[in-house]
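These notes are about the structure you will find just below.
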Number of protein chains: 2
Amino acid sequence: MDFFFQPHGIALIGATPNPLKGGNAILRNLLKGFKGAIYPVNPRYETIEGVRCWPSVTALPDPLDLAIVFVPAPHVPEVIRQCAARGIRGVMIESSGFAEAGPQGAARQAELAAIARETGIRLWGPNCMGLVDAHAGYVFSFVSPAIWDDGLIPGKVSLVVQSGLLSGGFLIDLATHGTAGVSKVCSVGNKVDVNECDLLAYLLADPATEAVGLYLEAIPEGRRFLELCRRSAKPIVVLKGGKSPGGAAAARSHTASMAGNGAVVSGALAQVGVVEATGFKQMMDFCRTLAEYPRLPATVRGRVAILTYSGGSGIVSADGLDALGVPLARLADDTLAAIKKVFPDWMPVSNPVDLWPAVEQNGAQKVFSAAARATLADPGVDALFIHAFAGGFALEVDLTEIAAEARRRGKPVICWLLGAREPSRRFQVATQALGIPVLREIPRAVECIKTIFTPRAESTPPPADSPPPASVAARLGSARGALDEHRSKTILAECGVPVVAECLVATPAAAAAAAEKWGYPVVLKGLLPGAVHKTEQGLVRLGIASAAALEAAFGDLEAAMEGKGEILLQRMVHGQPELIAGALRDPQFGPCVMCGLGGTLAEILGDAAFAVAPLSREDAVALVGRLKTRQLLDGFRGAPPVDRAALAEVLVRLGRLMAAFPAIREIDINPLICVDGRPLAVDASIILAD
Amino acid sequence: MDFFFQPHGIALIGATPNPLKGGNAILRNLLKGFKGAIYPVNPRYETIEGVRCWPSVTALPDPLDLAIVFVPAPHVPEVIRQCAARGIRGVMIESSGFAEAGPQGAARQAELAAIARETGIRLWGPNCMGLVDAHAGYVFSFVSPAIWDDGLIPGKVSLVVQSGLLSGGFLIDLATHGTAGVSKVCSVGNKVDVNECDLLAYLLADPATEAVGLYLEAIPEGRRFLELCRRSAKPIVVLKGGKSPGGAAAARSHTASMAGNGAVVSGALAQVGVVEATGFKQMMDFCRTLAEYPRLPATVRGRVAILTYSGGSGIVSADGLDALGVPLARLADDTLAAIKKVFPDWMPVSNPVDLWPAVEQNGAQKVFSAAARATLADPGVDALFIHAFAGGFALEVDLTEIAAEARRRGKPVICWLLGAREPSRRFQVATQALGIPVLREIPRAVECIKTIFTPRAESTPPPADSPPPASVAARLGSARGALDEHRSKTILAECGVPVVAECLVATPAAAAAAAEKWGYPVVLKGLLPGAVHKTEQGLVRLGIASAAALEAAFGDLEAAMEGKGEILLQRMVHGQPELIAGALRDPQFGPCVMCGLGGTLAEILGDAAFAVAPLSREDAVALVGRLKTRQLLDGFRGAPPVDRAALAEVLVRLGRLMAAFPAIREIDINPLICVDGRPLAVDASIILAD
């Protein structure tokens, strides 16, 4: 992919002298920064913008490895063929009028795909804004040349943005406001060939990229994407568009109904250590923070010291950290004594450290430096949250020395900035060049601090272990639709999932014999072909306490089923908590497993976590740890603690079953009751393709 | 208070020609905007900044009704006495060195309070930044005169900020970034006399104020503050600093332990229709949004049409609205047809409305206007969310006509803006002058839309109804500490709270007789003086199913209690859901009631809502409606729906009891079980002062 990022010569097909057209903007942007050969191509001109213009791509000399195409869509396929014939290795197609533009455009895009397959030429786009590289000064894009006015700010963050205009607009916003430096910004458009996986792979190997942010609407190569994330040492932040429910309405299982709202995507991303964002600027803020502080030792707890010039801002910051569970540092006596030296006599030192009275007495630079030195030296402080003001009150400070000291001690510094417009921009650009992220709102700064100290999953690939036993294949046979409870649980049991003791009973006497063996109370269920909601249909009798009651219940069920179906006898079990486990096949990520809280409240809370399968035991344990109500598993209020290894093993086995049999669409274990801390499948359903 | 906001003459005591001092900044700020008489006071100068300087306040001529004091703290009391003697009505004390500055400062502040009481002069501050009025052009503050450089932007929002520097810094930030116009910004400082209630009362009556935002750390006149909010027709937004837990650790009841994290403050504010914020800029964004759209008819649902130039931004906006439960509008056929006229043939119209292909064909102004006209005319659309870009791509649009049309139809328009720095500021200032709030991040814009369409409580004052019966006073007598379960429930029953059937039993025979009357199973509890945790101490026997078991349990309890205490027999009840109700006395707000979810999961979720008491039935119903898990009350999953009126009545009666007996510190009903939908107190504790 180097020919996209570091080409030696670029043909611009669709160059024009008309300054209102994108084909002119691209040329001007190339001329401002690109140092290699530039070949405008347009048969109607001799020169454009003072550069020799060429009649066609065929005639172009070396060096030439990249073409940027900005001609009307109907001409694009032919142009691409010419590029391939000329030996050009990659083309950025910035024209629109393809899959986003109705059936005719879709056909054109299919033609592009065919050309790429035939010729091996790599195609980026179409319907995209190309590439910006702030370090190299490359703008391979029709973005307005006004982007150069405030200067590109080189940084450590690379972005991949599916939406075209957004990438350009966002970049202009970031650069002109001084919010953030970037490394490479890739607008991928319709992804006819080059997609987010290709770009992510390149960026993860790129020495100028320390963190990657992606805005994605679809992740068609879902497994490849996750695998890249799993192996990445660099932080990755994803904003996934299109998470609102919709498809979930038609779900047949609990598992599938809990997959709405992007829970599967969130689970898959969390599994491989990706940080999720909910907005563009938040994504960028997380990226630039994590680019500076990519991975702290797991032992670091995140105890924060707040240095502020305003008591109110200190309090709001402490409230914000508390709400996110980030601890405030308890300052050591030495630290307090060191800060006390620059404080007025009457002023006690505590955290948040309110520096204002000291600043009035001793000046901002001296006081901020002394407080930062003392807190950075404190072994009970893991990070500094510095409040800065630019443009008044003699509060502006130079953080150069503080940044160096913090770097030496490996402690993150985050800065919240308020101030007048021009001084603020200057302060922000200068301070960020020191490696200190500057945020403009306290809640966002607090979120960024939280993100630094939230350990990202170290996902383990699943072991290549034995598939489910051959008997399972035989039982699945050529079945279609929902298997009944007993068949479902028999398969699960053969896969190693603990299930409740049960058996089909043909007569009251057979039922009584089995119940005698297990002891009362027992449960009797009527299995009718195709009936999924047994309870609602009156086919379940719980808590049968005696042989007489069992005989009566048997008779009732037989009558209710009118001679059809079978009767299932189960041991009655009690336990807490009541969970749900399941699996489904996601269109982007393939087989996934789920674990969630069961019972009535669960449905209101919607507390469920997903991961892609097959999965390792470690990943299954991590999945359980993502439940909001996971505290319930820890022996809460006298209940025995849940054996998380055993629970994880259920998920591992569900995942293995899904991976082995593509015919299985969904699996639902509901409830999965924890009896003396060990999970037991009490009801279950395996749903095959119809 | 008019002399603070519209004085005729101002004495500035502490004026100085030194441009580095606050006493000079105040003078320059006055000269730039204040049209009345200005009297610098300093015996060492003849003139300052070209204005005649006076040796003391005593000599000053009329008109003179306000003084601004910026002399060292030790001189302030004497200066205030002189002001009072001269007949000045109000003083803004902007000097620091008072209660915030150790015991000596606190003594000085106490002296100021005494002077105010003696003389009737009103004191604002000390340790504050005074007042800014952007409409009048008044800056009664030592804030840097640089604040004038970009011009004050007059707006509809007034602010009250407890923290001094914050108010100045925040204002400079807002004004220079063009983020928001303001009306009056009041920095209240140490509040020796004038406090947030005085200012709120003034601002609610101020014709130039359409919404009020307050940053407060303490609300000492809590009841007065709530009463002002309750009666306000103008939206009020509060950022409460200091909500982290701390004091909650020592709580003795469930009710008190759930009051951590500011739950009482949040409940009290929600009760009277106040919107809460978690950050300064969010507070301002809510204020300026609500200032434009203060109160929509309750029937308006908030169905939003999104007009965007970027598919990605549209999707992220739809996701954000969905996550907050704000519905996306379903556009009518007429609307679709009208928009289709400016769309390319191949492009279908849906919501979010992606205008880009149409903009390319027909230009931004025409397309945005057509789409806005059509969606505003659609009866299924309640609000527009317009995405704008300033400074490139020929996307900039003038929203003047759209604003007028929206105003005419009474439909809110919110704008999200991305763009280059200078054009963005221009667009933001111009568009906000049209009454359209412009936000810079999608999630924040979505929060603001949500806030417009979240009905604010219309709190009803409690009726002046009868106090609890006289028997309650007799029972409370001179008791101290925790009353036992039976005494607590007897009092509650006398107040009209439904309690479980129970009686003290002296012998097994008495117990059996009572159980016979109610029917088995029953519960037996040992009441030991001072014992609060009966279950943990083994003093509770549940589910006693027969006379024999009852006799045995009675013997067990007698033995366990070693002859002390009493034995309580109760009917055993079952029901769902299990709730908690309670009451406590908050230091700022006085008596408050609480209702929360009971059971194990409840503690993890911490789902409880508070309100101040006594309270009306309407307010009690609204309290219940603030529970996160309120869906459980609506007959979820086949359980009978809870009688919310009966539940509210329990809270009303708890509140009445708390209001009548100041000796009661806390009341805890746990559990309050819903039996056939009606709440029943099964265990309870009334805790009096020790």
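The values are calculated or read from the model by the stated rules, or taken from the named source; none is laboratory data. Everything quoted here is computed from the prediction, not taken from an experiment. When we count neighbours, we look across all protein chains shown, and the Cβ atoms used for this are built from the backbone with ideal geometry, even at glycine.
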Quiz prompt | Residues satisfying the stated conditions in region B:46-59, i.e. within 17 Å of residue B:8 (Cβ to Cβ) and assigned to a strand (DSSP E or B) | solution = B:51, B:54
Self-check item: Lone qualifier among A:481, A:435, A:410 - being under 30 Å from residue A:666 (Cα atoms) and surrounded by fewer than 21 Cβ atoms within 10 Å (Cβ to Cβ)
Solution: A:481
Quiz prompt | Residue in region A:333-346 that is farthest from the other protein chains (Cβ to nearest Cβ), counting only those that are outside any helix (DSSP H, G or I) and not basic (Lys, Arg) | solution = A:342
Quiz prompt | Tally of residues being of a type in the set (D, E, K, R) and more than 11 Å from chain B (Cβ to nearest Cβ) across region A:619-641 | solution = 2
Quiz prompt | Within region B:425-451, considering residues that are away from chain A (no Cβ under 12 Å) and not in a helix (DSSP H, G or I), the one farthest from residue B:325 (Cα to Cα) | solution = B:434
Quiz item: Which ranges mark the strands (runs of 3 or more DSSP E) fully within region B:79-164 that have 3 or more residues being within 14 Å of chain A (Cβ to nearest Cβ)?
Solution: B:157-161
Quiz item: Mind checking which residues of region A:652-690 are assigned to a loop (DSSP other than H, G, I, E, B), surrounded by 17 or more Cβ atoms within 10 Å (Cβ to Cβ) and not small (Gly, Ala, Ser)?
Solution: A:661, A:682, A:683
Exercise. Report, ordered by the first and then the second residue, all pairs with beta carbons closer than 8 Å, sequence separation of six or more or different chains, a first member in region A:452-469 that is farther than 30 Å from residue A:303 by Cα, and a second member that is among the aliphatic types (A, V, I, L, M) and part of a loop (DSSP other than H, G, I, E, B).
Key: A:462/A:613; A:462/A:615
Practice problem: Mind telling me which of the residues B:493, B:457, B:501, B:479 ends up being closer than 25 Å to residue B:623 by Cβ and either polar (S, T, N, Q) or in contact with a strand residue (DSSP E or B) (Cβ under 7 Å, 6 or more places away or on another chain) (or both)? | Solution: B:493
Quiz item: Can you pull out the residues in region A:137-158 that are surrounded by fewer than 23 Cβ atoms within 10 Å (Cβ to Cβ) and over 29 Å from the mean Cα position of the chain (by Cα)?
Solution: A:137, A:144, A:145, A:146, A:148, A:149, A:150, A:151
Quiz item: Does residue A:300 satisfy being in contact (Cβ under 8 Å) with a residue 24 or more places away in the chain and either more than 26 Å from residue A:276 (Cβ to Cβ) or under 34 Å from the mean Cα position of the chain (by Cα) (or both)?
Solution: yes
Practice problem: For residue A:85, indicate whether it is modelled with pLDDT under 95, surrounded by fewer than 17 Cβ atoms within 10 Å (Cβ to Cβ) and of a type in the set (A, V, I, L, M, F, W, C). | Solution: no
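Being surrounded by fewer than 24 Cβ atoms within 10 Å (Cβ to Cβ), within 15 Å of residue B:449 (Cα to Cα) and more than 9 Å from chain A (Cβ to nearest Cβ) is true for just one of B:304, B:349, B:275. Which residue is that?
The conditions single out B:275.
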Quiz item: residue B:49 fails exactly one of the following numbered conditions: (1) at negative phi; (2) in contact (Cβ under 8 Å) with a residue 24 or more places away in the chain; (3) not hydrophobic (A, V, I, L, M, F, W, C). What is the number of that condition?
Solution: (1)
Self-check item: Options B:576, B:631; residue that is in contact with a Ser or Thr (Cβ under 9 Å, 6 or more places away or on another chain), of a type in the set (S, T, N, Q) and outside any strand (DSSP E or B)
Solution: B:576
Self-check item: Residue selected from region B:595-618 under the condition in a loop (DSSP other than H, G, I, E, B) and more than 13 Å from residue B:630 (Cβ to Cβ), by the criterion farthest from the other protein chains (Cβ to nearest Cβ)
Solution: B:614
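Can you say whether residue A:291 is within 30 Å of residue B:311 (Cα to Cα), at pLDDT below 95 and not in a loop (DSSP other than H, G, I, E, B), as far as the supplied structure shows?
On the way: within 30 Å of residue B:311 (Cα to Cα): yes; at pLDDT below 95: no; not in a loop (DSSP other than H, G, I, E, B): yes.
Criteria not met by residue A:291.
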Quiz item: Which residues, counting only those in region A:377-404, are buried (at least 18 other Cβ atoms within 10 Å of the Cβ), without any contact (Cβ under 8 Å) to a residue 60 or more places away in the chain and either over 26 Å from residue B:129 (Cβ atoms) or β-branched (Val, Ile, Thr) (or both)?
Solution: A:397, A:402, A:403
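Name the residue, out of B:620, B:548, that is of a type in the set (Gly, Ala, Ser), more than 24 Å from residue A:632 (Cα to Cα) and surrounded by fewer than 19 Cβ atoms within 10 Å (Cβ to Cβ).
None of the other options fit; the residue is B:548.
Results for (1) in contact with a Cys (Cβ under 8 Å, 6 or more places away or on another chain); (2) among the small types (Gly, Ala, Ser), shown as yes or no for each residue.
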| position | (1), (2) |
| --- | --- |
| B:337 | no, yes |
| B:343 | no, no |
| B:369 | no, yes |
| B:373 | no, no |
| B:386 | yes, no |
| B:399 | yes, no |
| B:414 | yes, no |
| B:423 | no, no |
Practice problem: Among the numbered conditions (1) more than 12 Å from every other protein chain (Cβ to nearest Cβ); (2) out of contact with any Asp or Glu (no Cβ under 7 Å at 6 or more places or on another chain); (3) over 13 Å from residue B:452 (Cα atoms); (4) in contact (Cβ under 8 Å) with a residue 40 or more places away in the chain, tell me where residue B:356 comes up short. | Solution: (1)
Exercise. Test each condition in (1) more than 19 Å from residue B:109 (Cβ to Cβ); (2) modelled with pLDDT of 95 or more for residue B:13 and report the one that comes out false.
Key: (1)
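The rows are residues; the columns are (1) of a type in the set (Lys, Arg); (2) on the phi > 0 side of the Ramachandran plot; (3) part of a loop (DSSP other than H, G, I, E, B).
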site	(1), (2), (3)
A:3	no, no, no
A:15	no, no, yes
A:20	no, no, yes
A:28	yes, no, no
A:61	no, no, yes
A:68	no, no, no
A:71	no, no, yes
A:75	no, no, no
Quiz item: Taking region B:386-422 as the search range and keeping residues that are within 29 Å of the chain's Cα centre (by Cα) and within 14 Å of another protein chain (Cβ to nearest Cβ), which one is nearest to residue A:168 (Cα to Cα)?
Solution: B:417
Quiz item: Are any of the residues in region A:310-331 buried (at least 20 other Cβ atoms within 10 Å of the Cβ), modelled with pLDDT of 95 or more, in a helix (DSSP H, G or I) and away from chain B (no Cβ under 12 Å)?
Solution: no
Self-check item: Filter result (crowded, with 24+ Cβ neighbours inside 10 Å and more than 22 Å from residue B:676 (Cα to Cα)) within region B:570-590
Solution: B:583, B:584
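Residue-by-condition table, conditions (1) without any contact (Cβ under 8 Å) to a residue 60 or more places away in the chain; (2) in a helix (DSSP H, G or I):
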site: B:166; (1), (2): no, yes
site: B:173; (1), (2): yes, yes
site: B:176; (1), (2): yes, yes
site: B:193; (1), (2): no, no
site: B:219; (1), (2): no, no
site: B:223; (1), (2): no, yes
site: B:229; (1), (2): yes, yes
